[in-house]
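K.L.:
Supplied in structure tokens, the structure appears directly below.
The values are calculated or read from the model by the stated rules, or taken from the named source; none is laboratory data. As the structure is a prediction and not an experimental result, all values here were calculated from the model. No Cβ is skipped: glycine too gets one built from the backbone with ideal geometry, and neighbour counts run over all protein chains shown. Protein only, heavy atoms only, side chains kept; ligands, DNA and RNA dropped before computing areas. Shrake-Rupley method; radii C 1.70, N 1.55, O 1.52, S 1.80 Å.
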Amino acid sequence: MTWLLSWGQIGDTTISEGDLSTLSPRFSDDYWPNVFKYLGKKTGKAGESLELQATMADAEKVSNKQVIFKDYVSGFPKESDMYLTMSTISLKVPEGSMAVLVKNLYLSCDPYMRPRMSYTTDSYTTSFKPGSVINGYGVAKVLDSGHPNFSKGDLVWGFTRWEEYTLITSPDTLFKIPNTDVPLSYYTGILGMPGITAYAGFFEICSPKKGDYVYVSAASGAVGQLVGQFAKLSGCYVVGSAGSKEKVDLLKNKFGFDEAFNYKEEQDLVACLKRYFPEGIDIYFENVGGPMLDAVLANMRVNGRIAACGMISQYNLEKPVGVFNLMNIIKKQIKMQGFIAGSYYHLYPKLLEMILPHIKEEKVVYVEDIAEGLESAPLALIGLFSGRNVGKQIVLVAKE
């Protein structure tokens, strides 16, 4: 790469290595000392024009805004548990590396990230490291690649970091995006990890049959809204719960749930579920835990199935709330199975085969809550745990 440096652009004065602040700020701070190194002298005069052969590392280094995890969290997370900083990054992968360098476009805010904010050694995912960049799912564009499966210009989704640019040293966790006739943001949700979660939990674990009575908690979220629509496509009767009138209306009028209720308005959850399911529940897609799970166990039918996807009501508690109706698992021969999306990625082609036609025919819809700018990411994430978001929470970092 060649830069043309003309001393005439900066007046008639002599510029020395100590006067770097007077030069154009368009390059990184460590670039101008290299200019003088290439010049082989300490000064330049007006009227001199010199071609400088800059190294690619110098020429391609850019600023990189990042979200840093401050320290382990107890109780409800706060925006101040994260902070923004600025670093620099080379836009080339190291020579001989199998890494992939990406520009992040969308970042995904997911409930599973809350347990990662506390110190743990016995989870399926590791805790965030204090002082390090937060990581999670996202959609990105490949800028440079040393990996044979990825090329410059590819659009991908998978595990990345909360920053503008990321060097991914283990790109085996990335999926190429084959279909760009749908919103790219969908690959953080309906066509990404939440989509696999809903598909595997409902079809593989719950084994739905036409006419089944299905209940979905946290039903307006990234996963719940899909489970409800999958159930309707399967000929089931579906009821969902959410935490506001707006979300309840969304469940019934947008996603096609047969019924929905605001759990915050219910004093007796056992009686509430009995009202909506007088004959009992065949399938429960569990996203909440605690008293809600207890009430569901009291209303399950014989041979009922429960897919335990998450328990968001418990994530911020110092002491988890107990469940007391476990005897019903035995008496009613209930199958309850926990699962994580990572164990079902082999089903991703089946998900795409099933859901893409439904999206194009508008038989399945998806609602997103998009926060703009990397600086909005901390508030977007903690909003999940107070129910601030409506639909799948996403952060738009950059447009393609």
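K.L.:
Please go through (1) in a helix (DSSP H, G or I); (2) farther than 20 Å from K392 by Cβ for F230 and return the number of the only condition it doesn't satisfy.
P.N.:
(2)
K.L.:
Something else about it: Considering only region 79-94, state which residues are hydrophobic (A, V, I, L, M, F, W, C) and touching a Pro at 6+ places or on another chain (Cβ under 6 Å).
P.N.:
Applying the first criterion (hydrophobic (A, V, I, L, M, F, W, C)) to region 79-94 yields 82, 84, 86, 89, 91, 93.
Selection gives M82 alone.
K.L.:
Ok, one more. Among (1) assigned to a helix (DSSP H, G or I); (2) in contact with a Leu (Cβ under 9 Å, 6 or more places away or on another chain); (3) open to solvent by 20 Å² or more (accessible area, probe 1.4 Å); (4) of a type in the set (A, V, I, L, M), which single condition is L356 missing?
P.N.:
Among (1) assigned to a helix (DSSP H, G or I); (2) in contact with a Leu (Cβ under 9 Å, 6 or more places away or on another chain); (3) open to solvent by 20 Å² or more (accessible area, probe 1.4 Å); (4) of a type in the set (A, V, I, L, M), the lone unmet condition for L356 is (3).
K.L.:
Taking the options T126, T43, name whichever one is modelled with pLDDT of 85 or more and open to solvent by 20 Å² or more (accessible area, probe 1.4 Å). So that I can check it myself, show each step before the final result.
P.N.:
Numbers: T43 fails: modelled with pLDDT of 85 or more.
Result: T126 is the single residue among T126, T43 that is modelled with pLDDT of 85 or more and open to solvent by 20 Å² or more (accessible area, probe 1.4 Å).
K.L.:
So the check is Cβ under 6 Å with 6+ separation or different chains; which pairs have a first residue in region 169-187 that's of a type in the set (S, T, Y) and a second one that's part of a loop (DSSP other than H, G, I, E, B)?
P.N.:
Short answer, once both residue conditions are applied: T169/A99; Y187/I177.
K.L.:
Output the residue which, of all residues in region 359-381 that are in a helix (DSSP H, G or I) and of a type in the set (A, V, I, L, M), is most open to solvent (accessible area, probe 1.4 Å).
P.N.:
Here is the first cut: in region 359-381, the ones in a helix (DSSP H, G or I) are 359-360, 374-381.
Imposing the further condition that a residue be of a type in the set (A, V, I, L, M) reduces the set to 359, 374, 377, 379-381.
Details: I359: 24, L374: 6, A377: 0, L379: 75, A380: 9, L381: 0 Å².
The qualifying residue most open to solvent (accessible area, probe 1.4 Å) is L379.
K.L.:
Further question on the same structure: Condition first: touching a helix residue (DSSP H, G or I) at 6+ places or on another chain (Cβ under 9 Å) and of a type outside the set (A, V, I, L, M). Now tell me which residues in region 161-178 satisfy that.
P.N.:
Initial filter on region 161-178 (touching a helix residue (DSSP H, G or I) at 6+ places or on another chain (Cβ under 9 Å)): 162-164, 175, 177-178.
Those that are touching a helix residue (DSSP H, G or I) at 6+ places or on another chain (Cβ under 9 Å) and of a type outside the set (A, V, I, L, M): W162, E163, E164, F175, P178.
K.L.:
Now for a separate question. Where residues in region 382-400 are touching a residue at least 12 places away in the same chain (Cβ under 8 Å), part of a loop (DSSP other than H, G, I, E, B) and in contact with an Asp or Glu (Cβ under 9 Å, 6 or more places away or on another chain), which of them is nearest to R161 (Cα to Cα)?
P.N.:
Looking at the filtered set, the residue picked out is V397.
So that you can scan it fast, the table gives a plain yes or no per residue for (1) touching a helix residue (DSSP H, G or I) at 6+ places or on another chain (Cβ under 7 Å); (2) at pLDDT 95 or above; (3) part of a loop (DSSP other than H, G, I, E, B); (4) farther than 18 Å from E163 by Cβ:
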site: S74; (1), (2), (3), (4): no, no, yes, yes
site: P77; (1), (2), (3), (4): yes, yes, yes, yes
site: S80; (1), (2), (3), (4): no, yes, no, yes
site: L84; (1), (2), (3), (4): yes, yes, no, no
site: I89; (1), (2), (3), (4): no, yes, no, no
site: S97; (1), (2), (3), (4): no, no, yes, yes
site: L101; (1), (2), (3), (4): no, yes, no, no
site: N104; (1), (2), (3), (4): no, yes, no, no
site: L107; (1), (2), (3), (4): yes, yes, no, no
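K.L.:
Got a sec? Which of G280, G290, G228, G235 is of a type in the set (G, A, S), over 26 Å from the mean Cα position of the chain (by Cα) and within 20 Å of Q337 (Cβ to Cβ)? Write out each step before concluding.
P.N.:
Values: G290 fails: over 26 Å from the mean Cα position of the chain (by Cα); G228 fails: over 26 Å from the mean Cα position of the chain (by Cα); G235 fails: within 20 Å of Q337 (Cβ to Cβ).
Going through G280, G290, G228, G235 in turn, the sole match is G280.
K.L.:
Could you give every pair whose Cβ atoms fall below 6 Å, whose first residue belongs to region 300-315 and is under 20 Å from G342 (Cα atoms), and whose second residue is assigned to a strand (DSSP E or B) and open to solvent by 40 Å² or more (accessible area, probe 1.4 Å), counting only separations of at least 6 or pairs across chains?
P.N.:
Between residues of region 300-315 that are under 20 Å from G342 (Cα atoms) and residues that are assigned to a strand (DSSP E or B) and open to solvent by 40 Å² or more (accessible area, probe 1.4 Å), the close pairs are I306/M336; A308/G338.
K.L.:
I've got another one for you. Please go through region 111-153 and pick out each residue that is farther than 27 Å from P183 by Cα and free of Cβ contacts under 8 Å to residues at least 12 places away in the same chain.
P.N.:
Answer for region 111-153, where residues must be farther than 27 Å from P183 by Cα and free of Cβ contacts under 8 Å to residues at least 12 places away in the same chain: T120, T121, D122, S123, T126.
K.L.:
With the requirement that a residue be within 16 Å of the chain's Cα centre (by Cα), buried (at least 21 other Cβ atoms within 10 Å of the Cβ) and over 15 Å from C109 (Cβ atoms), what does region 129-157 give you?
P.N.:
Within region 129-157, A140, V156 qualify.
K.L.:
Something else now. Looking at region 174-218 only, could you name the residues that are under 15 Å from V239 (Cβ atoms), open to solvent by less than 10 Å² (accessible area, probe 1.4 Å) and in contact with a Ser or Thr (Cβ under 6 Å, 6 or more places away or on another chain)?
P.N.:
S217
K.L.:
Can you tell me which residue within region 321-353, out of those that are among the basic types (K, R) and open to solvent by 70 Å² or more (accessible area, probe 1.4 Å), is farthest from the chain's Cα centre (by Cα)?
P.N.:
Taking the candidates together, the pick is K331.
K.L.:
Oh, and also: Give the residues of region 92-119 that are of a type outside the set (S, T, Y), open to solvent by less than 30 Å² (accessible area, probe 1.4 Å) and within 16 Å of K141 (Cα to Cα), sorted by residue number. Steps first, answer last, please.
P.N.:
So the first thing to find is which residues in region 92-119 are of a type outside the set (S, T, Y), and the list is 92-96, 98-105, 107, 109-111, 113-117.
Filter once more, keeping what is open to solvent by less than 30 Å² (accessible area, probe 1.4 Å): 93, 99-102, 104-105, 107, 109-110, 113-114, 116-117.
Those that are of a type outside the set (S, T, Y), open to solvent by less than 30 Å² (accessible area, probe 1.4 Å) and within 16 Å of K141 (Cα to Cα): V93, A99, V100, L101, V102, N104, L105, L107.
K.L.:
Shifting gears a bit: Which number in (1) open to solvent by 10 Å² or more (accessible area, probe 1.4 Å); (2) of a type in the set (A, V, I, L, M); (3) farther than 23 Å from L356 by Cα marks the one condition that V239 misses?
P.N.:
Failed condition: (1).
K.L.:
Also, I was wondering about something else. Among the residues of region 263-306 satisfying the criterion of being in a strand (DSSP E or B), open to solvent by less than 10 Å² (accessible area, probe 1.4 Å) and among the aliphatic types (A, V, I, L, M), which is nearest to F385 (Cα to Cα)? Working first, answer last.
P.N.:
Filtering region 263-306 for residues in a strand (DSSP E or B) gives 281-286, 300-306.
Right, trim to open to solvent by less than 10 Å² (accessible area, probe 1.4 Å) and you get 281, 283-286, 300, 304, 306.
Filter once more, keeping what is among the aliphatic types (A, V, I, L, M): 281, 283, 300, 306.
Values: I281: 27, I283: 25, M300: 27, I306: 23 Å.
Looking at the filtered set, the residue picked out is I306.
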